[in-house]
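Below is one structure, written out as C-alpha cells, with a few remarks after it.
No lab work stands behind these numbers, since they all come straight from the coordinates. Remember, it's a predicted structure, so these values are computed and weren't measured experimentally. Positions of Cβ are backbone-derived with ideal geometry, glycine not excepted, and every protein chain shown enters the neighbour counts.
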Amino acid sequence: MNTPAAGPDTPALTLFCAFALKQAVEQTILPAYIAAGGHPVEAVYEPTFRLLTRIEAGARPDVMAKSPAPSRTWLQRTS
C-alpha cells in the first residue's frame with residue numbers, strides 16, 4: 001500500500017501478520033497508518049507458526065503482529 005507521504009524511492013516496510021489479525025490490520029490499522037503518512041507496507045499473512053519458521057530461517061520483517069498463544073507453543077517446541 002502506498003502512502004501520500006511516501007516517494008517512489010521509499011522502501012516498503014515488511015509486515016509479518018498472523019491470519020487471526022488480518023481483518024483488523026487491513027480494515028483499521030493499515031488505513032490509519034497510511035492516512036497518517038506512513039511508509040508503504042508489504043504485508044505477509046500466514047499462521048503464526050509459519051511466520052516464526054520464516055524468521056528462524058533468516059527472514060527479518062520490520063514489524064510482526066501475532067497472536068500470543070502459538071508463540072508459547074512454538075517456544076515449548078523449540079526449547
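So the values come out like this:
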| item | result |
| --- | --- |
| Segment residue 28-residue 57, length gained on full extension (0.36 nm per residue, minus Cα span) | 7.4 nm |
| Segment residue 49-residue 67, length gained on full extension (0.36 nm per residue, minus Cα span) | 5.5 nm |
| Summed residue charge, Cβ within 9 Å of residue 15's Cβ, Lys/Arg positive, Asp/Glu negative | -2 |
| Gain in span if fully extended, residue 36 to residue 14, counting 0.36 nm per residue against the direct Cα distance | 6.1 nm |
